[in-house]
Every structure is written in C-alpha cells, then in structure tokens.
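Comments concern the structure below.
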Amino acid sequence: MDDAPAPLTRFQEFLGWFLDWFLGAPLQTVIAVMAAVLLLAVARWLVARVVRSIVEGGASVRSKAGSLLTRAGAGNLAAESNPLLVARRVQRAETMGSVLRSTAGLVVGVVLLTALANIYGWELGPLVASAGVVGVALGFGAQTLVKDFLSGIFMLVEDQYGVGDVVDLGEASGVVEAIGLRVTQIRDLSGTLWYVRNGEVLRVGNMTQGWSKAFVEVLVSPEADIPRATELLRTAAQQVTEHEELGRLLLAEADVTAYEDLTAESVRLRLMVKTAPAQQWLVQRELRARIRDLFAAEGLPLALPRREVLVERDAPGADPDGPPARQDQSSTG
C-alpha cells in the first residue's frame, strides 16, 4: 500500500504538534485564568453577601430596640434615629466590603501569577528581590499612610464612632460627618470641618454612643432649705418626664443628690438622668429653665459668688515717720 499523501501527513503532523502544544502550557494557562476568575467572582460574591447581611441584618436589631424604646415611651425617637443608625451601619459595611474586595483581588492575583510562573518556568527570584527592595523603600516612605489605613480599619471594626456621633478626638471635637480609611471628617460647633488622620487619633471620647446623660448642678446658700431645694430638683425632672415631647427622650428616672460639695459660700446639688443619644443638651436646657422657675416661685435664691478684697490704708493718728499702720477690711459681694 502506498504511503499517505504528503499533505495529509503534514496535516497529521501539524495536528499532533498543535495538540501537544495546546494541551501543555496554553491549556494550563486558560485553566489557571478561568479558575482565578471564578475564585475572584466567588470571593466578591461572598463579600457582597456579607455586606448585605450586615446592612439588612440590623433590621431585626433595630426593631427590637424600637420595641424597647416604645415600652419606655420613646418609640418615635427610635424612628428619628434610624437614619443615622442605618447610615452608620451601611458606611461600616461598605468600607469593610471595599477592603475585603481589594484584598481578595490582590490574593487571587498573587496566586495566578505564581501558577503562571510554574507553568512557564519563569524565574521570579530577581523579581521578588526587586519587589522586596521597592517595598521596603515604599514602606519607609508610606509609614504614615499605612498607619492611617490600619487605624481606620480597626476603628470601623471596633465601632468606636459612626456618622452622627458627637466625639472628642483631642485636637478636634464635634459631629462626625464621614469616616474613611485614612481620615475622619468632623464638624465642630462653629461650623468648621476638620479632617483628622486616623493614625493620629490616640483617644476617642464618644458622647452619643448607646445613650447619653443629662447633667445639671445647682449651687444654693448653706443657710437655704437644702431638702426643699432637692425636692424642687426632683419636681423639675418629673415635669420633664411628663412632657409630651421631652418625656420620650428620658430612658431612666432622674438621680438627684445633695451635698456634692460644701463650702462657706454654697452647697452643690446635682441632677443626672439617662437620655437618648445626643439629646442630653436639649434635656439639660429644659431642666435648667424649670429649676429656675421653681426656685423663683419658692423664693429660694441661688448662691452668689463671693469675693474678699483686702484694703490697706493708714490708720488715723499713725506716726508718719514710723511704720505704716494697716487696717484690713473684707467685703463680699
């Protein structure tokens, strides 16, 4: 039998070579890339699901908190505070989701590069060494940036503060308007917007997380009727509790104490009551107004600050050549 025609033989040879070639590095590359894409898609889907569960999972918590506040007479307050709670939860979840997505992409990229290097036999030693040198140089130059990012991540994970909270960060204090991985934006009482680097925050004082406390102190004369003054403070707190709007802001009964401080000029009385977050200042103003009215109606004056003035003058009949005589006189007012 004659041999196969030359064109057919060449085609068979080409087909065999192509199959050998394709089943080697190209096919392995395609499989590695497809596996990386699939892995990245799964990772991003998981991150998105986690973020969505964090955002939507707070609904049950908010509903339970709302029912508790409703029992305490603060049901409408829960509805009013929900937008801030939702913004806070969404911002934390989205920020962490962004970090996790970036991390997943970086990890998958490194794994894919390693797989391709094994397939094609690339020598990654020099590249890794160069990358190490560049990484060290960038690390020294970007220490502050890395510190800010890490601090921002921990702040979000630990929920140290959120959008709408009133915080004291040392150099700046005010309402938190935005939180990022690098900086936090705070609006102070005068309207100034402060940009605080997260890495520079050494302490955080959150005045509106969970609940707050209204704090009012009154000074009365030691000769005044202290028990009656204490009772008037309780009456003022009871009036605020029974108020249609302000009563919903109170989360507990008022705590009134006397003799927190005692001097020759005054006795210090103190009134404290737990309030809804960020509502303590409104409650304090109302309490002060009612205390003033009650004290005025009872004719119970507040203690006045006193000053002692030392006056030195020559006494009548003193010897002008001798040492000056002194006459001390104290006055209060």
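List of remarks:
- Förster radius 35 Å - calculated FRET efficiency between ALA35 and GLU94 (Cβ-Cβ, nearest 0.05): 0.80
- Taking amide H positions as modeled 1.01 Å from N, with prolines and chain starts lacking one, the residues under 5 Å from ASP165 and 5 or more places away or on another chain are VAL176.
- Of LEU116, LEU189, the order by accessible heavy-atom surface (1.4 Å probe, DNA, RNA and ligands excluded), from most exposed downward, is LEU189, LEU116.
- Counting heavy atoms of the protein chains alone, LYS274 has an accessible area of about 70 Å² for a 1.4 Å probe.
- For segment 215-287, average projected area of the Cα convex hull in nm²: 4.6 nm²
- Virtual spin-label span in nm between VAL111 and VAL42, 7 Å along Cα→Cβ: 0.8 nm
- Here the extension length gained between THR9 and ILE119 equals 36.5 nm, from 0.36 nm per residue of separation less the Cα-Cα distance.
- Extension gain, SER173 to GLU253, is 25.9 nm, computed as 0.36 nm per intervening residue step minus the present C-alpha separation.
- Measuring with a 1.4 angstrom probe and ignoring ligands and nucleic acids, MET207 comes out at about 80 Å² accessible.
- Subtracting the Cα-Cα distance of ARG52 and GLN143 from 0.36 nm times their residue separation leaves 29.5 nm of extension gain.
- Computed from the C-beta positions of LEU282 and LEU193 and an R0 of 22 Å, the FRET efficiency is 0.40 to the nearest 0.05.
- Shown is the FRET efficiency for VAL157 and GLU245, computed with R0 = 35 Å from the Cβ-Cβ distance and rounded to the nearest 0.05: 0.40.
- Label positions at GLU260 and GLU223, each projected 7 Å from the Cα along the C-beta direction, are separated by 2.5 nm.
- Nonpolar atom fraction for segment 163-243, defined as the carbon and sulfur part of the 1.4 Å probe accessible area, stands at 51 percent.
- Sorted largest first by accessible area at a 1.4 angstrom probe radius, with every protein chain in place, the residues SER53, SER221 fall in the order SER53, SER221.
The values are calculated or read from the model by the stated rules, or taken from the named source; none is laboratory data. Bear in mind the structure is a predicted one, so any value in this text is a computation, not a measurement. For neighbour counting, all protein chains shown are included, and Cβ atoms are generated from backbone atoms with ideal geometry for every residue, glycine included. Surface areas here come from the heavy atoms of the whole protein model, side chains and all, with no ligands, DNA or RNA. Shrake-Rupley method; radii C 1.70, N 1.55, O 1.52, S 1.80 Å.
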